[in-house]
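The values are calculated or read from the model by the stated rules, or taken from the named source; none is laboratory data. This structure is a prediction, so every number in the text was calculated from the model and none was measured. For neighbour counting, all protein chains shown are included, and Cβ atoms are generated from backbone atoms with ideal geometry for every residue, glycine included.
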Amino acid sequence: MADYYTPTVVQQNIPKIDMTPLDRLLLEQIFDSHEPNEDELYFYAEIAPNDSIALDRRKLESAIAASPHPSVVDEIIAEQLLDSDPAETDITLDLSGISWEFLLQEIVRRSTTLRYVTVLSSFTCSKMRSDAWGGMAVLITADAILGKSTTDILEDFLVEAGLDQIESAPSAKDEAGHA
């Protein structure tokens, strides 16, 4: 069995003042984090960003109440809280329907210092499978989330080289009439 990894780094440190308590709570569960100084956080994921996170219900509700800026994420979390058993002290949030890119975009929109955030990911695998290697670069601004994978870049190169319209040559097996 192959294990797939997506190590990811948010290249800019995020000012703590630009994050709501909910932003910070979620991002610290989605990513690993490090405080390079008392005013900023550096986010990264050694294996992959998490899209399912377990939180203490009171901590989550407190972060929501203390976050003055509504975001895209608020409705999704509120819906999951309503669907959960109120007696449970821990709640697992499924964030697969939203992505960390939207959380970071909300922060950029509110920030007085960040004009954009860039994120780099690599795609690796415990087996040498040709379809399991590559990477991705993402640019997040207040108005757009743009990304390209290494596959996208190779496709662009094929177009630039005029090779995108050329069909691959038939294999010797095809020419011999074998399926």
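Any residue in the range 150-167 that's charged (D, E, K, R): show its pairings with residues that are modelled with pLDDT of 90 or more and exposed (fewer than 11 other Cβ atoms within 10 Å of the Cβ) at Cβ separation under 7 Å, as long as the two are six or more apart or on different chains. Taking only residues 6 or more apart or on different chains, not a single pair turns up. Restrict the check to the range 76-85 and report whether at least one residue is within 30 Å of ALA132 (Cα to Cα), hydrophobic (A, V, I, L, M, F, W, C) and under 17 Å from the mean Cα position of the chain (by Cα). Within the range 76-85, none of the residues are within 30 Å of ALA132 (Cα to Cα), hydrophobic (A, V, I, L, M, F, W, C) and under 17 Å from the mean Cα position of the chain (by Cα).
Could you please let me know if PHE43 is modelled with pLDDT of 90 or more, aromatic (Phe, Trp, Tyr) and within 17 Å of THR6 (Cα to Cα)? Spelling it out, PHE43 is indeed modelled with pLDDT of 90 or more, aromatic (Phe, Trp, Tyr) and within 17 Å of THR6 (Cα to Cα).
Scanning the range 29-85 for residues that are out of contact with any Asp or Glu (no Cβ under 7 Å at 6 or more places or on another chain), under 18 Å from ILE107 (Cβ atoms) and either part of a strand (DSSP E or B) or basic (Lys, Arg) (or both) yields SER33, HIS34, GLU35, PRO36, ASN37, GLU40, TYR42, PHE43, ILE53.
Results for (1) in contact (Cβ under 8 Å) with a residue 60 or more places away in the chain; (2) in contact with a strand residue (DSSP E or B) (Cβ under 9 Å, 6 or more places away or on another chain); (3) not basic (Lys, Arg), shown as yes or no for each residue.
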site	(1), (2), (3)
GLN12	yes, yes, yes
ASP32	no, yes, yes
PRO68	no, no, yes
VAL73	no, no, yes
ILE98	no, no, yes
GLU101	no, yes, yes
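Taken together, SER96, SER67, SER122 contain a single residue that is among the hydroxyl-bearing types (Ser, Thr, Tyr), farther than 15 Å from LEU25 by Cα and at pLDDT below 95, which is SER96. Suppose we filter the range 13-29 for residues that are surrounded by fewer than 21 Cβ atoms within 10 Å (Cβ to Cβ) and within 17 Å of the chain's Cα centre (by Cα); how many remain? The total comes to 5.
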